[in-house]
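Here the structure is laid out as structure tokens; the discussion comes afterwards.
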Amino acid sequence: MNPSLPLTALEGKLEQITYFNKETLYTIAKLKTGNTDNLVTVVGFMGGVSPGEALRIKGTWETHPKYGQQFRIKSYDVTLPASVEGIRDYLQSGIIKGIGPMMASRMVKRFGADTLNVIENCPEKLLEVEGIGKTKATSISNAWKNHHAIRSLMQFLQEAGVKTSYSSILLKEYGMDALKIIQSNPYCLANDIPGIGFYAADTIALSLGKLENEPERVRACIIHLMQQSTNDGHVFAYMDQLTARCKNLFQIDSETTEEAIEDLSASGDLIIENKAELPDKKAVYLKTLHHAEAGLANRLKAFLSVPVVPQGIDSEQISNEVLKKLAIKLSQEQLNVLEKLFFYRAVIITGGPGTGKTTLIRSINAVFEALGKQISLAAPTGRAARRLAELTHRDAKTIHRLLGYNFKDNLFDKNQDNPLDADAVIIDEASMVDTYLMFHLLNAIPMTSMLIMVGDVFQLPSVGPGNVLDDMIKSGVIPVFYLKKIFRQARESSIVLNAHRVLKGEFPLLKHINEPTDLSEFYFIEQNNPEKVLSTIVELCTRAVPERFGFNPVNEIQVLTPMHKGVVGTINLNQMLQKALNPTPVIINAINNSFKLGDKVMHLKNNYQKEVFNGDIGTIISIDGKKEELSVDFYGRTVSYDFTETGELSLAYAISVHKSQGSEYPAVIIPLMTHHYALLQRNLLYTAITRGEKLVIVIGMKKALDIALKNDKPRRRLSMLADRLSTYRLSDK
């Protein structure tokens, strides 16, 4: 809704609800106004209403490109009837479950104009009505409360200045007593509903007269900032930074904040540590993250302390085995790695594109099989695991599936007491593994097994907290094998060559797409205007790239952008590309997206029941309005979603660079503008470029490209894993 438009009030009778999303409370309905037969379409978040009720709605008029004029709901009230006749008609309509026409007449005859007040506030008086016993009276009272609970909650949120769209989340968490629970303890939202919970809680609490320095509020502010720090990738936060942020953001003085941090430490919610090299700096951890980081370091040190039994295989045997099984002649660099890694309990193999990481994984498999050893292959995401399985022709799982993650209990079946049955565990795309997951992985690997982590340390770090692979390398505890030689076939690729130039901070070799030369794999289109960048991307996806290079515009071209907002952010790009690539009429209106048959979509969070994972990309292949269900084809497998589950999907014509990790696409288009400044980093550009298999097109400003190349110091993540590991040295074995 445009906040600059003045609000208009509409009064009328709710004639029909044409669409209602139980999950979000998003509603499309028809309202009859005045004495005419004209019906007005009203759209927005509205719950606890039924056809036949009189409504007063505030909102703004808007024109939908397909459905024409409609009224966007900002707030609404139900006008309950005051006259005896009106109350009788209202109850006879069947709005309240358990009250039919005859019962309604008897109730109104007994209580008259006070009938609705009796139902709401004095339900015990209903026993005075013929045919109503205790059970019936309770049933009517509960039906009334349930019918009005949603509306009462939404009205309360409106008055408190909180988005009414949060109502569905609160009802899902607390049920029909949501309003009562929130009023008695608003900060419970901060603990129970991460993300929106704190801001909603704080707005509500302050509207109820809570003071800024009340202990309950201060503790909630601190936990919120700690969770925010975790979302930013940090494992801990410095106490002085916490106190400064509490003062700047929430007007809480430093002394009060420090006292609250100490209280939370005493209760076990937070852990406070002093950094060895910075004795005046106090590191503040959420309890679970401290347990994960310290546990990971201790487990890894214990793991490395177990002596390795020599495998009894020399370089000639290794070469022959790989040549026999894979028909591959290893380079001297690869052979050196294979000879040495069998002498260590854990190793890291890293290198850029074209340096043979996948060949090494396949070769390690071949050698272990020749030795009769059991190997487990895994990767952090479903996409990366599928790609690993395709390249190795062996079974590969997500780390969560390998460890038997139980989504109901949020626990892993595999652990120290029930370890994996494997002589070696190979983890691909190891740079994407965060602190939590690496802790649980190490716990599940037998002390007699071997851990081989393969990844490109120059890519973006994990989405979750920590920078585990980089910290392990910096600690000097685990042997690291750097693959530097680019193989001949890879050297012929301008994508690979330019990726390595970017790693060195050198300008990529740029070729304009309109140059009359042989087809290349890497192009740059200079454009300084965001709107023109947008229109060019649409043109590239719809016509230029498919016609010139033969790529399917939906399935083979992927737009990668650093940001979600802005003209060339994921949100706007998806809307424009959907319009251009899929002219099918809109079928589903969700909160953040309108979905159509044939849309390219991404699943947003791990769903172990459906066996789809965060970042999986598919195509909507069917939409059933009657069943309120849609189906998505993910890599040849059909997954069904109830309309209430569409919040787990987003359009995927354009995705963030972070979401692209672990995947490769035939063609990649990357907008790069100076207003992306906060995210213009060398490792982000490198990650984006290395997602392209056959074609990469960068479009935007040379200045933005220059900023990204020079910025080789991305914001450092706060972690003490390297410090904890560095107390152990290989010489200590």
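The values are calculated or read from the model by the stated rules, or taken from the named source; none is laboratory data. Bear in mind the structure is a predicted one, so any value in this text is a computation, not a measurement. Positions of Cβ are backbone-derived with ideal geometry, glycine not excepted, and every protein chain shown enters the neighbour counts. SASA here: full protein model, heavy atoms, side chains in, ligands and nucleic acids out. Shrake-Rupley method; radii C 1.70, N 1.55, O 1.52, S 1.80 Å.
Not counting the cut sites, what is the longest span of the chain without chymotrypsin sites (Phe, Trp or Tyr not before Pro) that DSSP labels loop and that have at most 12 other Cβ atoms within 10 Å? Longest site-free region, per DSSP loop and neighbour criteria: 68-342.
FRET efficiency for the Glu611 to Asp114 pair, using the beta carbon distance and R₀ = 60 Å, is estimated at 0.60. Only Cα pairs under 8 Å and 6+ residues apart enter the sum, and on that basis the relative contact order of the chain stands at 10 percent. Annotation for His675 and Thr288: the two label points, set 7 Å from Cα along the Cα-Cβ direction, are 3.6 nm apart. Pairs of Cα atoms nearer than 8 Å and 6+ residues apart set the relative contact order; for the range 302-345 it is 56 percent. The spacing between the range 211-260 and the range 626-641, judged by their C-alpha centroids, is 43 Å. For the residue pairs Lys325/Lys357; Lys247/Lys659; Lys329/Lys357; Lys532/Lys565, the C-alpha atoms sit more than 24 angstrom apart in Lys247/Lys659.
Report the gain in length on full extension from Ile328 to Lys247: 0.36 nm times residue separation, minus Cα-Cα distance, nm rounded to one decimal. Each step should come with its number before you reach the end.
Details: separation 81, 0.36 × 81 = 29.16 nm, distance 6.20 nm.
Fully extending the segment from Ile328 to Lys247 adds 23.0 nm.
Estimated purely from DSSP H runs of n ≥ 4, each contributing -39500 (n - 2.57), the mean residue ellipticity at 222 nm for the chain is -11000 deg cm²/dmol once divided by its residues. In plain terms, the chain from His564 to Lys511 could stretch by 16.3 nm, reckoned as 0.36 nm per residue minus the Cα-Cα distance. For the range 590-713, carbon and sulfur atoms together expose 46% of the accessible surface, with a 1.4 angstrom probe and every protein chain in place.
At a Förster radius of 51 Å, what calculated FRET efficiency corresponds to the Cβ-Cβ distance of Cys188 and Lys694, to the nearest 0.05? In this case the efficiency is close to 0.45.
What is the distance in Å between the Cα centres of the range 528-607 and the range 322-394? Distance between centres, Cα-based: 36 Å. With the simple model of a label 7 Å out from the Cα in the direction of the Cβ, Glu11 to Glu259 spans 5.2 nm.
Can you find, among Thr359, Ala294, Val306, the residue sitting farthest towards the positive end of the charge dipole of the range 276-404, where Lys and Arg contribute +1 and Asp and Glu -1 at Cβ? It is Ala294. 3J(HN,Hα) along the range 638-644, derived from phi through the Karplus expression 6.51 cos²θ - 1.76 cosθ + 1.60 where θ = phi - 60°, amounts to 8, 10, 9, 10, 5, 3, 6 Hz, with x in place of Gly and Pro. For Thr358, the solvent-accessible surface computed with a 1.4 Å probe is close to 40 Å², ligands and nucleic acids excluded. Toward the positive end of the charge dipole of the range 16-83, with +1 on the Cβ of Lys and Arg and -1 on the Cβ of Asp and Glu, the farthest Cα among Pro81, Ser50, Trp61 is that of Trp61. On the beta carbon distance between Thr41 and Asn528, with R0 = 45 Å, the FRET formula returns roughly 0.60.
Given their separation in residues at 0.36 nm each and the Cα-Cα distance between them, Lys373 and Asn555 gain 61.6 nm when the chain is fully extended.
Just the accessible area for Cys122, please: 1.4 Å probe, Å², rounded to the nearest 10? Around 30 Å² of this residue is reachable by solvent.
What size of dipole, in debye to the nearest 20, comes out for the chain about its Cα centre when the only charges are +1 on Lys and Arg C-beta atoms and -1 on Asp and Glu C-beta atoms?
Values: 83 positive and 80 negative charges, 218 e Å.
Its charge dipole is roughly 1040 debye.
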